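Some notes on the structure that comes next.
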Amino acid sequence: MIVLKTSKELSLMKEACAISAGALKAAGAAVEPGISTAELDRIAHEYIVRHGATPTFLGYGGFPAAACISINDEVIHGIPSKKRIVQAGDIVSIDTGATFNGYVGDNAATFAAGEISPEAQRLCDVTRESLYEGIKAAVAGGRIGDIGSTIQRYCEERGFSVVREYTGHGVGKEMHEDPSVPNFGTPGRGVRLLPGMTIAIEPMINQGGKEVRQLSDGWTVKTRDGKLSAHFEHTIAITANGPVILTIA
Ligand code: MG
């Protein structure tokens, strides 16, 4: 069931999203060679709690942290650890969510640790750009396939591939609501986009093949070929005046 939000609900949700965005920004700013992923998680967690919100991810499906932190060939759902130390040249994807006012804000970004290769930089740039292209396509009266097809075309034209097994999603009182928001698809197909829909758009884009595998920890998803992956995400609202990004710090 797709839940449409009133403008009052959207303004409540925007506060949750701002906290989530602030937590992502704080953790992202701390990415540097030598820091552990547990410390990055602690920074996100502390920011969320200090702003009176709850870390949405903590305990979700049993996930043990406030942020998913996924390095290099890890696509999503990496578990923070004191033993996992960020190295110079790594790309570090951080995904975090905050619950506030009864609403969830969900966002992610990939950060560079020190100097990264031009290839890694290009993957991050194209993935981020594809998110903004997808957001532009999230127009009331359009279809969910307009978003995914835009992201897919943008990335594939630049030589990258789109993960199929994981998608964006509706978000509101729950972190995962209907509809599913794939990063691939056909223009003009799928669920109709309506004012008041709030969705998380989150391209997960691979440098090599689109295939992924889940590790035996039950969470971490990696590329099958060991090549890099990047991940950017915003929670947005579809309005009569166009898409509005809610996860702004
Ligand atoms: Mg999400």
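The values are calculated or read from the model by the stated rules, or taken from the named source; none is laboratory data. The structure displayed is predicted, hence computed values, not measured ones. Counting neighbours? That spans all protein chains shown, and the Cβs are built from the backbone with ideal geometry, glycine included. Just so you know, the surface numbers come from the protein's heavy atoms only, side chains and all, with ligands and any DNA or RNA stripped out. Shrake-Rupley method; radii C 1.70, N 1.55, O 1.52, S 1.80 Å.
What the table shows:
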quantity: Residues satisfying the stated conditions in the stretch 216-244, i.e. touching a strand residue (DSSP E or B) at 6+ places or on another chain (Cβ under 8 Å), closer than 30 Å to Lys5 by Cα and open to solvent by 40 Å² or more (accessible area, probe 1.4 Å); calculated: Pro243, Val244
quantity: For Asp41: the one exception among (1) part of a helix (DSSP H, G or I); (2) touching a residue at least 24 places away in the same chain (Cβ under 8 Å); (3) more than 26 Å from Thr220 (Cβ to Cβ); calculated: (3)
quantity: Failed item in (1) in contact (Cβ under 8 Å) with a residue 12 or more places away in the chain; (2) more than 16 Å from the ligand (Cβ to nearest atom), with His234 passing the rest; calculated: (2)
quantity: Pairs where the first residue, in the stretch 78-100, is aromatic (Phe, Trp, Tyr) and the second is within 14 Å of the ligand (Cβ to nearest atom), C-beta under 8 Å, 6+ apart; calculated: Phe100/Ala16
quantity: Residue ID - farthest from Gly226 (Cα to Cα), chosen from residues in the stretch 76-98 that are more than 13 Å from the ligand (Cβ to nearest atom) and part of a strand (DSSP E or B); calculated: Ile85
quantity: Selection within the stretch 204-219 - away from the ligand (no atom under 16 Å from the Cβ) and not aliphatic (A, V, I, L, M); calculated: Asn206, Gln207, Gly208, Gly209, Lys210, Glu211, Arg213, Gln214, Ser216, Asp217, Gly218
quantity: Among (1) touching a helix residue (DSSP H, G or I) at 6+ places or on another chain (Cβ under 7 Å); (2) open to solvent by 30 Å² or more (accessible area, probe 1.4 Å) - the single one Pro33 does not satisfy; calculated: (1)
quantity: Residue in the stretch 135-153 that is at pLDDT 95 or above, open to solvent by 20 Å² or more (accessible area, probe 1.4 Å) and more than 18 Å from Gly242 (Cα to Cα) present; calculated: yes
quantity: Whichever residue in the stretch 99-138 is over 11 Å from the mean Cα position of the chain (by Cα), within 16 Å of the ligand (Cβ to nearest atom) and not polar (S, T, N, Q) and, among such residues, is farthest from Ala200 (Cα to Cα); calculated: Tyr103
quantity: Number of the condition not met by Val31 [criteria: (1) under 29 Å from Gly196 (Cβ atoms); (2) part of a loop (DSSP other than H, G, I, E, B)]; calculated: (1)
quantity: Single residue of Arg164, Arg213 found to be under 22 Å from Thr110 (Cβ atoms), open to solvent by 10 Å² or more (accessible area, probe 1.4 Å), in a strand (DSSP E or B) and at pLDDT 95 or above; calculated: Arg213
quantity: Meets criteria (surrounded by fewer than 20 Cβ atoms within 10 Å (Cβ to Cβ) and not in a strand (DSSP E or B)) for Lys14; calculated: no
quantity: Qualifying residue in the stretch 195-203 (condition: open to solvent by 60 Å² or more (accessible area, probe 1.4 Å) and either within 16 Å of the ligand (Cβ to nearest atom) or under 24 Å from Gln121 (Cβ atoms) (or both)); calculated: no
quantity: Complete set of residues in the stretch 52-90 that are hydrophobic (A, V, I, L, M, F, W, C) and under 25 Å from Ile199 (Cβ atoms); calculated: Ala53, Phe57, Leu58, Phe63, Ala65, Ala66, Ala67, Cys68, Ile69, Val75, Ile76
quantity: Index of the failed condition, Lys82 passing every other in (1) within 18 Å of Thr235 (Cβ to Cβ); (2) touching a helix residue (DSSP H, G or I) at 6+ places or on another chain (Cβ under 6 Å); calculated: (1)
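Residue-by-condition table, conditions (1) under 25 Å from His51 (Cα atoms); (2) open to solvent by less than 10 Å² (accessible area, probe 1.4 Å):
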{"site": "Lys83", "(1), (2)": "no, no"}
{"site": "Ala88", "(1), (2)": "no, no"}
{"site": "Thr99", "(1), (2)": "yes, no"}
{"site": "Gly105", "(1), (2)": "yes, yes"}
{"site": "Ser117", "(1), (2)": "no, no"}
{"site": "Gln121", "(1), (2)": "no, no"}
